[in-house]
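Every number in this text was worked out from the coordinates using simple rules, so none of it is lab data. These figures come from a predicted structure and were not determined experimentally. We place every Cβ from the backbone using ideal geometry, glycine too, and count neighbours over all the protein chains shown.
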Amino acid sequence: MSRTANRPTRWTRNVVAAALAGLTLACAGAATAEVCTDFPRDTCFEDELARVQFSDVLESRWRRAGSTGIADESSLGSFALKGRDAYVRRNREGTVLLRYPVDCARDVGQGLVHIRYKDDGPGARVHVRLLEETDFSDELEPIFEFDSDDRPSLSRAQAIVLRIFPETFEELTGRDTIDRPIRCTSKSYLFEVRLTRSQGGDPRLSTLGLLDRGAD
């Protein structure tokens, strides 16, 4: 067969390959765009994948109101509570340190974190870290971090759902690339929250939730 006769087949393969590559890139790009919805309560999600995973959650493994946090001794004079909110007293400036021990009863897999908070401008900051401790070490290792300064400020409370571990497009195709799930049966976890107030800001934490993406 001549080289000329092979050209249509090669051209068709190239077009199909290019189309599949474009589709893959489009899907990967779609997974990285933040998605905001009216339910639940004007919540924003890290991306479409987080929204889908959140909608599949059957139950909350762990949830705490902001007002149930344990204030560090250095923060007792600046820490205040109102309803579900933890915040910095209006006549104080600086940082309040709160801790929320995670007391989930079983493994929560590769989790989602649901945070409802208020950051109303440059004078407010809400900083959240999830820390992990094993039986073999006294060191607390940060495995997740959220900083309200990385997101737009609002005069009202807002909510965000984030994945604890980074994920890739391969997971959408059925190949799990995560090998470090949260395991409450063999490790302990706590959320560390810092609320920083200056120049009349009003940072608040209303809710922390640790959710399981998968059903057992």
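By average Cβ neighbour count within 10 Å, what is the ranking of 196-205, 91-100 from highest down?
Numbers: 196-205: 19.0, 91-100: 17.0.
Top of the packing list down: 196-205, 91-100.
Calculate the spin-label point distance for ASP38 paired with SER55, positioning each point 7 Å from the Cα along the beta-carbon direction, and give it in nanometres.
1.5 nm
By average Cβ neighbour count within 10 Å, what is the ranking of 74-87, 140-153 from highest down? Working shown, then result.
Details: 74-87: 16.1, 140-153: 14.2.
Ranking, from highest mean packing down: 74-87, 140-153.
Points 7 angstrom from Cα along the Cβ direction at THR134 and LEU154: gap in nanometres?
About 3.9 nm, to one decimal.
Quick check: pseudo-label points 7 Å beyond the Cα along Cα→Cβ at ARG92 and LYS187, how many nm apart are they?
3.2 nm
Taking 35 Å as R0, compute the FRET efficiency from the Cβ-Cβ separation of ASP72 and GLU48 and round it to 0.05. The partial results should precede the final answer.
Values: r = 37 Å, r/R0 = 1.07.
E(calc), rounded to 0.05, equals 0.40.
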